[in-house]
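Take a look at the structure set out below.
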Amino acid sequence: MKRGAARRNLTAHAFFLPFLCVFVIAVVAPLAYSVNLSLYQERMIGGMVFTGLDNYTKAFGDSLFHAGLARVALFFAIQVPLMLGLALAAALAIDSGRLRAPGLFRIGIFVPYAVPGVVAALMWGYLYGDRFGLAGEIGDLLHTELPDLLSGSWMLASIGNIVTWSYVGYNMLIFYAALRSIPEELYEAAEVDGAGAFRKAFSIKLPALRPALLLATTFSVIGSFQLFNEPSVLQSLAPAAVSTNYTPNMYAYGLAFDGRQFNYSAAVAVLLGLVTVLVVFGVQRATARRERLW
């Protein structure tokens, strides 16, 4: 009996070992290397010197890092609720069974997610242009001057539009899959009790969507704080509006590959990762507390 149990344990460990190797190589090793790199400074005299937490102390007082972090936090606070609200409305509309050609509607909303982020940013960047794009042509046609969507005051909203266009379909599929997992018996019981479509949506569908909503919010937090592709592409079209520290990821990239400050860049990246983890943890705690109250 003990020999059989030992053999099963050995088989289980054999199946687990490939995943463990990939996880260590692809996740743990790069993180450990970045943390180790952030604890050193390369000096002209003395070469690579261990400086402990000096890079982190410098990052805590870095106004450029703070500005980028505040910008992505604002982006998260405004763009994510809007995007998830649109995705939720689309999922509820498809699940209601009242749409004509729901499959075509679903594919139409999901298709932008299949467009690579760089291509989407380029496409929208040329549409935004007031001199060379669709916005400029519409302005000429109407003989009026439209807002410059590539200016500094509009840039964050323009990036938010690109991200929303790209990810509404992805989040819609998460919500729609959660809606399809609700047992039909619940709807039948609600109909027996006289519940209409809106009552079923508020009393059955929305409570059942809480885990999916938490999952989508978690992904959105990570995506917002790691914003990089869209502002990087738009920077070539509007260099005055998108600085090298527009987002923390762009700042870390610029420090590493333009400024050759690899150690400080690693410290900024590690701090950004910690901030992201803390925000995700806060969202999950707030969600769990609200569920206990309900």
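The values are calculated or read from the model by the stated rules, or taken from the named source; none is laboratory data. Note that the structure is predicted; figures quoted are calculated from it, not measured. All Cβ positions, glycine included, derive from the backbone under ideal geometry; neighbour counts span all protein chains shown. To get the accessible areas, we keep the full protein, side chains included, count just its heavy atoms, and leave off ligands, DNA and RNA. Shrake-Rupley method; radii C 1.70, N 1.55, O 1.52, S 1.80 Å.
Whether any residue in the range 103-118 is more than 21 Å from Ile159 (Cα to Cα) and either of a type in the set (Phe, Trp, Tyr) or surrounded by 14 or more Cβ atoms within 10 Å (Cβ to Cβ) (or both) is what I want to check.
Yes, because at least one residue in the range 103-118 is more than 21 Å from Ile159 (Cα to Cα) and either of a type in the set (Phe, Trp, Tyr) or surrounded by 14 or more Cβ atoms within 10 Å (Cβ to Cβ) (or both).
Go through the range 171-216 residue by residue and tally those that are open to solvent by less than 60 Å² (accessible area, probe 1.4 Å), small (Gly, Ala, Ser), assigned to a loop (DSSP other than H, G, I, E, B) and modelled with pLDDT of 85 or more.
0
Can you tell which of Leu17, Leu69, Leu84, Leu92 is open to solvent by 60 Å² or more (accessible area, probe 1.4 Å), at negative phi and either in contact with a strand residue (DSSP E or B) (Cβ under 8 Å, 6 or more places away or on another chain) or assigned to a helix (DSSP H, G or I) (or both)?
Among Leu17, Leu69, Leu84, Leu92, only Leu17 is open to solvent by 60 Å² or more (accessible area, probe 1.4 Å), at negative phi and either in contact with a strand residue (DSSP E or B) (Cβ under 8 Å, 6 or more places away or on another chain) or assigned to a helix (DSSP H, G or I) (or both).
Could you check the range 32-56 and list, in sequence order, the residues that are touching a helix residue (DSSP H, G or I) at 6+ places or on another chain (Cβ under 8 Å) and either assigned to a helix (DSSP H, G or I) or farther than 30 Å from Gly259 by Cβ (or both)?
Across the range 32-56, the qualifying residues are Ser34, Val35, Leu37, Ser38, Asn55, Tyr56.
Looking at (1) over 25 Å from Arg71 (Cβ atoms); (2) assigned to a helix (DSSP H, G or I); (3) under 28 Å from the mean Cα position of the chain (by Cα), which one does Ile222 not meet, given that it meets all the others?
Among (1) over 25 Å from Arg71 (Cβ atoms); (2) assigned to a helix (DSSP H, G or I); (3) under 28 Å from the mean Cα position of the chain (by Cα), Ile222 violates only (1).
Would you please name the residue that is surrounded by the most Cβ atoms within 10 Å (Cβ to Cβ), looking only at residues in the range 135-152 that are touching a Phe, Trp or Tyr at 6+ places or on another chain (Cβ under 8 Å) and without any contact (Cβ under 8 Å) to a residue 24 or more places away in the chain?
Per the stated criteria, the residue is Leu149.
Of the residues in the range 20-52, how many are surrounded by fewer than 10 Cβ atoms within 10 Å (Cβ to Cβ) and either in contact with a strand residue (DSSP E or B) (Cβ under 7 Å, 6 or more places away or on another chain) or in contact (Cβ under 8 Å) with a residue 40 or more places away in the chain (or both)?
Qualifying residue count, the range 20-52: 1.
Taking Pro239 as the residue in question, decide whether it is buried (at least 20 other Cβ atoms within 10 Å of the Cβ) and either touching a strand residue (DSSP E or B) at 6+ places or on another chain (Cβ under 7 Å) or of a type outside the set (Gly, Ala, Ser) (or both).
no
Looking at Leu278, Leu227 in this structure, which one is crowded, with 19+ Cβ neighbours inside 10 Å, at pLDDT 90 or above and within 17 Å of the chain's Cα centre (by Cα)? Walk me through it before giving the result.
Numbers: Leu278 fails: crowded, with 19+ Cβ neighbours inside 10 Å.
Being crowded, with 19+ Cβ neighbours inside 10 Å, at pLDDT 90 or above and within 17 Å of the chain's Cα centre (by Cα) holds for just one of Leu278, Leu227, which is Leu227.
Which one of Gly125, Gly117, Gly136 is among the small types (Gly, Ala, Ser) and over 20 Å from Tyr246 (Cα atoms)?
Numbers: Gly125 fails: over 20 Å from Tyr246 (Cα atoms); Gly117 fails: over 20 Å from Tyr246 (Cα atoms).
Answer to the check: Gly136.
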